[in-house]
Structures are given as structure tokens and as C-alpha cells.
Amino acid sequence: MNVPLLDLKAQYKTIKEEILDATLEVYESQRFILGPKVEELEEKIAEYTGVRYAVGVSSGTDALLVSLMAGDIGKGDLVITTPYTFFATVGSIERIGAIPLLVDIDPRTYNIDTELLEEKISSMHEEELSRLKAIIPVHLFGQCANMEKILEIANSRGIIIIEDAAQAIGSEYRFKDGSVKRAGSMSKFGCFSFFPSKNLGSFGDGGMVTTDDKDAYQKISIMRVHGSRPKYYHKVVGGNFRLDSLQAAILLVKLNYLDKWTEKRRANARTYRDLFAKLDLEEVELPFEGDGRHIYNQFVVKVSNERDDLKNFLADHGIGSEIYYPVPLHMQECFKHLNYKPEDCPVSLDASVKTLALPIYSELSFEQIEHVVDTINSFYRG
Ligand SMILES: *Cc1c(COP(=O)(O)O)cnc(C)c1O
């Protein structure tokens, strides 16, 4: 039996006619850049996320970049995030000339460890603190970071928060007072990606910035078109961060199915848990799920040091899996100048050798999930 890590064709098959109709409309209009489809998508994503404004941009990476630019963060400023994330989180901090400060992750959620965050900030002297401009919590694998604590730390010091919600559209965080908020709605900027493998994926690159702040919204809208307003008059330098009409038209179709697909991913996660529970395999640590809504962009297990052998064994049995991420960012060659030692972020380092993402996409059948679990069982017990 074949179980790919992700099967985009299976999803496409279920909505093909609608997608073709929606894209045909764009072909007929011959309007490809921004336009009414992008505006409609912005309104719908703002509503879905629970914010006032959304700006369609060219990718999740550009969503981060333009948010940092609109937050007036630049040369010599300090920005805190984690080393256990997709490259773009830290890459965009570097690209605007700021200095990434990498704080290790919580071993259960893989999100920023807020005790270490607090320790880090408390240990900074005044001059450093004055340059600390932003924190970028990453809602990794589809589960929100500990926002209650992060908001408390940031708000008391006037530090802005930019949520990297690239893997977390529709993910929810429950505050102590019982209120619930969605990823991308809890801070100044929420950054989303529509890369095809995200839960809401386009047919190419795309992204979105969400915000409740009208000034920030206007700034991002201007930055998106080279800082131009009115046309050909530039008060600031922006970039080409625009979203295409075709992508917006496709995303508008897919957005109608997003909650159904997310619930299927969550159900698949429960199926994994039920099947693993029967085996009592102590070598496999299942993903921690807090009391918010985990949207399972990835279902990541932590296994022993034989992780790479397991990955190969799964491949031999027709099962796709992936390592997110094999090299934590504090160990990347391009960040050598930041002078991190491997042991500076031991939890990230440990995760990089022990974690493995298993297939979790919506169209998986029970038999496919069973095959994955049985194969893992035979790797350890066979
Ligand atoms: C995918 C991703 C990004 C970048 O999004 P792109 O659309 O690929 O540029 C940023 N951060 C995280 C955590 C991601 O998973």
C-alpha cells in the first residue's frame, strides 16, 4: 500500500470543476495582479482569522519580511524567535539587517519556551533591551505558541509581536479567562503562507498578513507595491509583494472546504492515537495536543535515535515521511556569524535528530493510517 506524505492530487480531484470555473473567470477578465479576487480573499481571511484587515502578499516569507519592514525594524535591532522553524522565520530577520536572538523550544510543543524567553529578556542589559523590537512566535506544525505568556512579556515592554502562522491557519489558542483566538489575530501582525503543502495551499506561492491596526494595514498595503502611493510617488522603499488573482481565485474555492479538511486532519490524528495506544510502543512519543485547536499541518512524532533508519524502513514500505527540521537554524552555515554553539539550544538539537512527520492529510483512509502504524510497529517489534 502506498501512503505518500501528502497527496495534493487526491484533494484536487474533489474540487476540480470548481477550480477550473474560478480560474476561467480570471482568464476571461485578463486581470492578474491584485484586483477584486484578491480583495475578496483578503476580506474572507480577515473574517476567518478574526481580525479587521488582511493584505494578500506573494508568500509567507514576504508576509514576514513586509511585517518587519512595516514594524520599522531594521539595522542593529534585535528580534527574538526560535531556531526550530522553517528557514524563512530567521532568514527574514537577517534580510532586513536585524539580529536574530534564538531562544530554545519547549520539548513537548516545539514552540518557543516561554520560561527561557523570560530568562533571556531578564538577562539583557538596558542598551540591548532598547534594541529589542520584536518577538516572532512560530505556531509550529499547526499548534499555537504560549501566547498568554508571550503577550504578557511583550506588552509590558512595548515589544511588538509578529506571529508566524504559516503552518497554523484556523488554529486556536485558549486564554486562561476562557476566551479563544485564532492564530494570526493575537498580535500586531499575523503571517500566513499559501505554499501548496500548507493546510490552505495555492497553486504556486502566496501569503497574507493579518492585522487589527489600521495604520499597520495601510503601511503594509503601500509596502506591497514598492512603497508607492499615489502611484509613482514613494515615501518609503517597499517591494513587489503582490498576490496574483489566479491564486486568490483558487484559494477562495479552497477556503470553503478548509474547516472540513482540518476536521479530517484532526480525526486522522485521533485515529493515530487510538491505534498507537493499543500497541503501547514506548519508543514513539506522539505529538502533544494542548486545549486549543491543533490543525495538524504536520503530525510529528518523536522517536529514538534510529529515526533515520525508521524513515528508510517506512520508505521501503511505500510510506512517505519527512524530517522537520534536520538542521536547527542556530547551526546553519549562513548564521555562523551569530556565534551559536550547538548546545545553546539543546532541545532544538534533540528534536532535529528525533522527530519525524507522518502522513496526516485529509484524504487519508483508515487503512492507510493503519498501514503506517503497523509498519512502525514492525520496525520496533518485527
Ligand atoms: C512555510 C513557512 C514559511 C514561509 O512560507 P512561504 O510561503 O513558503 O514563503 C514561514 N514560516 C514557516 C513556519 C513556514 O512553515
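Under 11 Å from the Cβ of THR355, count the other residues' Cβ atoms, weight Lys and Arg +1, Asp and Glu -1, and hand me the total. Net charge around THR355: +1. With helices as the sole contributors, the chain gives -13000 deg cm²/dmol at 222 nm; each DSSP H run of n ≥ 4 counts as -39500 (n - 2.57), and the sum is divided by every residue. Defining a contact as two alpha carbons under 8 Å apart and six or more residues distant in sequence, what relative contact order in percent does the range 215-368 show? Averaging sequence separation for qualifying contacts and normalising by length gives 22 percent for the range 215-368. Mean projection of the Cα convex hull over all viewing directions, computed for the range 13-126: 10.9 nm².
The calculated FRET efficiency for ILE99 paired with SER228, based on their beta-carbon distance and R0 = 22 Å, is about 0.15. For trypsin sites (Lys or Arg not before Pro), the sites in the range 1-102 that DSSP calls loop and that have at most 11 other Cβ atoms within 10 Å are LYS75. Applying both filters, DSSP loop and at most 15 other Cβ atoms within 10 Å, to the chymotrypsin sites (Phe, Trp or Tyr not before Pro) of the range 1-67 gives PHE32. Here the accessible area of the range 1-116 is 52 percent carbon and sulfur, with a 1.4 angstrom probe and all protein chains present. Each Cα pair under 8 Å and six or more residues apart adds its separation to the average, and for the chain the resulting relative contact order is 22 percent. The loop-placed trypsin sites (Lys or Arg not before Pro) in the range 166-241, going by DSSP, that have at most 11 neighbouring Cβ atoms within 10 Å of their Cβ come out as LYS176, LYS231, LYS235. Net charge in the neighbourhood of GLY60 (other residues with Cβ under 13 Å of its Cβ; Lys, Arg +1, Asp, Glu -1) is -3.
Between GLU25 and ASP309, the modelled label-to-label distance comes to 5.5 nm, taking each label 7 Å out from Cα in the direction of the beta carbon. Atom-type composition of the exposed protein surface of the range 326-366 places 58 percent of the accessible area on carbon and sulfur (1.4 angstrom probe). Springs between Cα atoms under 10 Å define the GNM used for the chain, and in it the highest mean-square fluctuation of LEU102, LEU64, LEU279 occurs at LEU279. Surface analysis of the range 8-255 yields an accessible area of 43 Å² per residue, using protein heavy atoms and a 1.4 Å probe.
Structure remark: mean-square fluctuation, Gaussian network model of the chain, C-alpha springs under 10 Å; the largest value among GLN247, GLN11, GLN167 belongs to GLN11. Here the Kirkwood formula puts the hydrodynamic radius of the chain at 21.5 Å, using every distinct Cα pair. Extension gain for SER130-LEU279 works out to 48.4 nm (0.36 nm per residue, less the C-alpha to C-alpha distance). Separation of the range 44-77 from the range 123-200 is 12 Å, based on Cα centroids.
The values are calculated or read from the model by the stated rules, or taken from the named source; none is laboratory data. Remember, it's a predicted structure, so these values are computed and weren't measured experimentally. In this analysis, Cβ positions are derived from the backbone assuming ideal geometry, glycine residues included, and neighbour counts consider all displayed protein chains. Accessible surface is based on the protein model in full, side chains and every heavy atom, while ligands, DNA and RNA are left aside. Shrake-Rupley method; radii C 1.70, N 1.55, O 1.52, S 1.80 Å.
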